[in-house]
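Working notes for the structure below.
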Amino acid sequence: MLLLVLGALLLLFCTLDVWYFLRGAQVFIQALFQPRIWDILAEQRIDGMVLPHDLDYMGHMNNSRYLRECDFARFHHYMRNGLFMAAHKLGAKMVVGASTIRYRRSLAFREAFEIRTKVVGWDEKAFYLEQRFVSKNDGFVSAVMLCRQNVVKCSPESIIEYVCKRKIECPVFPEDLKHWISFISASSQALRAESGLEEKNK
């Protein structure tokens, strides 16, 4: 019986990213018992540390882990400010439409850090967030990510109104975000044009 259970667990861990789902459940439960943050534009911080399973061959936090940690930090952020539950009640889905990360300095084994997440704005289709990895050793911003969180079957404005019970004016986009959105738009147009040419050549 024990061998059967061990075999089933081995199969589960080989076919599913079990730790990802367990971590997601932990973030969900943790956020439920934390105080609500009423300001949807407020920066939120969560702590982290570089552990053995985060390392690459150079002994630093590997590149993919930054994106994974950002996923959990955004989920935590949406849970605390009410955007996640509001989207769920409105039948909306929030999916990542684009992200760009810039690595400034590597995070070493056992180095403690903060992920600072904030909503910097929104349009008719998506929320835009900035996430920073800040070393607790010296406060250096080790990496910074911009994320476009697309809203499906609803609009960001509707979700915000549901949470705040009133309309909230979108902040002015910073210049770097404007450039990034322009890049995304240009990339989409180029890919659509490319797809059109491929269809014609068939």
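Put 77, 179 in order of accessible area, highest first, and with a 1.4 Å probe you get 179, 77. Rounded to the nearest whole Hz, the Karplus-based 3J(HN,Hα) values (6.51 cos²θ - 1.76 cosθ + 1.60, θ = phi - 60°) of the range 170-181 follow the sequence 5, x, 5, 5, x, 4, 5, 5, 4, 5, 5, 5, with x at glycine and proline.
Within the shell defined by Cβ-Cβ distances under 15 Å, the residues around residue 120 carry a net charge of -1, with Lys and Arg each +1 and Asp and Glu each -1. Along the Cα-to-Cβ line of residue 191, 7 Å from the Cα, sits a label point; which residues in the range 103-140 have backbone N less than 20 Å from it? Taking a point 7 Å out along Cα→Cβ of residue 191, the residues of the range 103-140 whose backbone N falls under 20 Å are 123-129. With springs connecting C-alpha atoms under 10 Å apart, model the chain as a Gaussian network and identify which of 103, 78, 20 has the largest mean-square fluctuation. With Cα springs under 10 Å in the chain, the top fluctuation among 103, 78, 20 is at 20. Would any residue of the range 2-21 have its amide N under 17 Å from a label point 7 Å out along Cα→Cβ of residue 51? List them or say none. Residues passing the 17 Å test: 13, 17-21. When the charge dipole of the range 50-108 is built from unit charges on Cβ atoms (+1 for Lys and Arg, -1 for Asp and Glu) and taken about the Cα centre, the candidate among 51, 95, 66 whose Cα reaches farthest toward its positive end is 95. Relative contact order of the chain: 19 percent, from C-alpha pairs under 8 Å at least 6 residues apart in sequence.
Net charge of the neighbourhood of residue 53, taken over other residues with C-beta under 14 Å away and scored Lys/Arg +1, Asp/Glu -1, is 0. The GluC sites (Glu not before Pro) of the range 31-137 that meet both conditions, a loop assignment by DSSP and at most 11 other Cβ atoms within 10 Å of the site Cβ, are 124.
Roughly to the nearest percent, how much of the accessible area of the range 77-202 is carbon and sulfur, given a 1.4 Å probe?
51 percent
Tell me the GluC sites (Glu not before Pro) within the range 141-180 that lie in a loop according to DSSP and have at most 12 other beta-carbon atoms within 10 Å. In loop regions of the range 141-180 (DSSP not H, G, I, E or B), the sparsely surrounded GluC sites (Glu not before Pro) are 169.
Hey, got the dipole for the range 1-156? About the Cα centre, +1 on K and R Cβ, -1 on D and E Cβ, debye to the nearest 20?
Values: 20 positive and 14 negative charges, 55 e Å.
Rounded to the nearest 20 debye, it is 260 debye.
Across the range 98-107, computed HN-Hα scalar couplings (Karplus, 6.51 cos²θ - 1.76 cosθ + 1.60, θ = phi - 60°) run 6, 8, 9, 10, 10, 9, 10, 7, 5, 9 Hz from first to last residue, x flagging Gly and Pro.
Selection among 147, 117, 84 by position relative to the dipole of the range 23-171 gives 84 as farthest towards the positive end (Cβ unit charges, Cα centre).
Going through the range 155-197, which trypsin sites (Lys or Arg not before Pro) have at most 16 other Cβ atoms within 10 Å and a DSSP loop state? Before the final figure, lay out the partial values.
Working: sites: 165, 166, 167, 178, 192; in loops: 165, 166, 167.
Here the trypsin sites (Lys or Arg not before Pro) that fit, given the DSSP loop and packing criteria, are 165, 166, 167.
Computed 3J(HN,Hα) for the range 8-22, one whole-Hz value per residue from the Karplus formula 6.51 cos²θ - 1.76 cosθ + 1.60 where θ = phi - 60°, is 5, 5, 4, 4, 4, 6, 7, 9, 10, 7, 4, 4, 4, 5, 5, glycine and proline marked x. Size estimate for the range 153-199 follows the Kirkwood approach: the inverse of mean 1/r over distinct Cα pairs works out to 13.5 Å. Taking all protein chains together and rolling a 1.4 Å probe, residue 37 ends up with roughly 40 Å² accessible.
The values are calculated or read from the model by the stated rules, or taken from the named source; none is laboratory data. Fair warning: this is a prediction, and the values are worked out from it, not measured in the lab. Neighbour counts are summed over all protein chains in view; Cβ atoms, including those assigned to glycine, are modelled from backbone coordinates with ideal geometry. Calculation scope for accessible area: heavy atoms of the full protein, side chains included, ligands and nucleic acids excluded. Shrake-Rupley method; radii C 1.70, N 1.55, O 1.52, S 1.80 Å.
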